[in-house]
Amino acid sequence: MSLFEFSIFAKGGPMMWVLLAMGLVAFMLFVERALFLHRGQIRSIEFIGGIKNILSKRRIVEALTVCEETPGPVAAVVKAALLHADDDADKMRFYVQEAAVLEIPALERRLGSIAALAQVAPLVGLLGTILGMATTFFAFEKDYMPASALANGMWQALLSTSGGLVLAIPAHLAHHFLTGRVRSIVRDVEWAGNEIMKYLLTEYRAPVGDTPTVQTHDHTAT
């Protein structure tokens, strides 16, 4: 930050430092959440296809190993289904839903903090504006008011409002972006859970090489 830019920043008053700290916190939260969600989102269709291919060879231990080595809630939900592959549909569904309930809150963690920063930033800027106007009116009460006193109060009012908006707008966009990523992962989790349950309850339990036989009856008259 150059000397000129720093001098303008300092004219915004004490609330500018509060907004700067809030901006740094919001940026760190966004980067952490973006990286976490990026690691947790996998190609669900390809993953489920690979698991089905392994299960078709009756290698359920290998399928469990693949799930353990794959990060993200989709793999955790599929693993829960595989661990109860021999249970009835209701019991399997219970454990799949339980795994999803444990995974989804981790996806939504800290999103509320980003939303709170986006909502509070304009209020902090407004507080700085009020302090700047109060400084200006205090200068008016004096017998002699230099032009610099009026300018300083107006600078503080304008820069505080601008700083609050500069922080709030990208914070709202960041929250919207991360919320969309969470919704996408949740849809993948729901689809993967239903798909692996359907496979385990039908194709996986069918005997290998089982083909329907057609019974014929001899209607030849004797």
_Go through (1) at pLDDT below 85; (2) in contact with a Phe, Trp or Tyr (Cβ under 7 Å, 6 or more places away or on another chain) for P14 and report which single condition fails._
(2)
*asked:* Residues that are basic (K, R): list the helices (runs of 4 or more DSSP H) wholly contained in segment 34-136 that include at least 2 such residues.
replied: 89-108
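Taking the condition closer than 30 Å to G125 by Cβ, at pLDDT below 90 and not β-branched (V, I, T), does G23 pass? Talk me through it step by step, then tell me what you get.
Working: closer than 30 Å to G125 by Cβ: yes; at pLDDT below 90: no; not β-branched (V, I, T): yes.
No: the conditions fail for G23.
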_Filter segment 137-154 down to the residues that are part of a helix (DSSP H, G or I) and at pLDDT below 75 and list them by number._
F137, F138, A139, F140, A147, S148, A149, L150, A151, N152, G153
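Have a look at V189, V182 and point out the one that is assigned to a helix (DSSP H, G or I), farther than 18 Å from G49 by Cβ and among the hydrophobic types (A, V, I, L, M, F, W, C). Spell out the reasoning first.
Working: V189 fails: farther than 18 Å from G49 by Cβ.
Going through V189, V182 in turn, the sole match is V182.
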*asked:* Among the residues of segment 10-31, are any farther than 30 Å from T161 by Cβ, out of contact with any His (no Cβ under 9 Å at 6 or more places or on another chain) and part of a helix (DSSP H, G or I)?
replied: no
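Looking at R181, R93, which one is modelled with pLDDT of 90 or more and basic (K, R)? Spell out how you get there, then give the answer.
Values: R93 fails: modelled with pLDDT of 90 or more.
After applying the criteria, what remains is R181.
The values are calculated or read from the model by the stated rules, or taken from the named source; none is laboratory data. Everything quoted here is computed from the prediction, not taken from an experiment. All Cβ positions, glycine included, derive from the backbone under ideal geometry; neighbour counts span all protein chains shown.
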